[in-house]
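J.: Would you mind keeping the following structure in view while I ask a few things?
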Amino acid sequence: VGGIERDGLLVDVRSAGEFSGGHVPGAVNVPVDQLAARVGELDKSKAVVTYCAVGARSAQAAALLRDKGFVVHDLGSRRAWPSN
C-alpha cells in the first residue's frame, strides 16, 4: 500500500467510539453505516484504503466505494497495518 499516507485516503469504517479508542494515524472515520450518505466527502481522485476491526465492515465499505467508481484497497483488520 506504500505511499497511502501521502497519496491516498485511509478510511476507518468502524464506529466513532471504536475510532476514538485508537486508529491508524492519518485515517478519517466514516462509519460503514454512514458511508453511502457521506461518500461525497471522499476524494475520488485518490486511492482509498478501508479498514475496520476484523474485516467484514471494510469489505462492505470497499464494495460500496468500488460501485461508486473509487479505486479501493481493502486492508481488512487495522491490525494488518504495518507498525513501526
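The values are calculated or read from the model by the stated rules, or taken from the named source; none is laboratory data. Since the structure is predicted, the reported quantities are computational estimates derived from the model, not experimental observations. As a convention, Cβ positions derive from the backbone with ideal geometry for all residues, glycine included, and neighbour counts pool all protein chains shown. For accessibility, only protein heavy atoms count, side chains too; no ligands or nucleic acids. Shrake-Rupley method; radii C 1.70, N 1.55, O 1.52, S 1.80 Å.
J.: With the checklist (1) modelled with pLDDT under 95; (2) under 9 Å from the mean Cα position of the chain (by Cα) in hand, flag the one item A62 doesn't pass.
T.: Among (1) modelled with pLDDT under 95; (2) under 9 Å from the mean Cα position of the chain (by Cα), the lone unmet condition for A62 is (1).
J.: Are any residues in segment 35-57 β-branched (V, I, T), crowded, with 22+ Cβ neighbours inside 10 Å and either in a helix (DSSP H, G or I) or touching a Lys or Arg at 6+ places or on another chain (Cβ under 9 Å) (or both), and if so, which ones?
T.: Across segment 35-57, the qualifying residue is only T50.
J.: Can you tell me which condition Q60 does not meet? The list is (1) under 22 Å from D7 (Cβ atoms); (2) open to solvent by 60 Å² or more (accessible area, probe 1.4 Å), and all the others hold.
T.: It is condition (1) that Q60 fails.
J.: Now, a different point. Which count do you get for residues in segment 58-84 that are part of a helix (DSSP H, G or I), of a type outside the set (S, T, Y) and in contact (Cβ under 8 Å) with a residue 12 or more places away in the chain?
T.: Of the residues in that region, 8 qualify.
J.: Can you confirm whether segment 3-15 contains a residue that is surrounded by fewer than 18 Cβ atoms within 10 Å (Cβ to Cβ) and either modelled with pLDDT of 95 or more or among the polar types (S, T, N, Q) (or both)?
T.: yes
J.: Just to be sure before I move on: is R78 surrounded by 12 or more Cβ atoms within 10 Å (Cβ to Cβ) and at pLDDT 95 or above in the structure I sent?
T.: no
J.: Taking only segment 8-28 into account, find how many residues are under 15 Å from W81 (Cβ atoms) and touching a strand residue (DSSP E or B) at 6+ places or on another chain (Cβ under 7 Å).
T.: Counting residues in segment 8-28 that are under 15 Å from W81 (Cβ atoms) and touching a strand residue (DSSP E or B) at 6+ places or on another chain (Cβ under 7 Å) gives 13.
J.: If I ask for residues that are crowded, with 18+ Cβ neighbours inside 10 Å, more than 16 Å from D67 (Cα to Cα), at pLDDT 95 or above and out of contact with any Ser or Thr (no Cβ under 7 Å at 6 or more places or on another chain), which ones from segment 20-34 would you list?
T.: Result: V30, single match.
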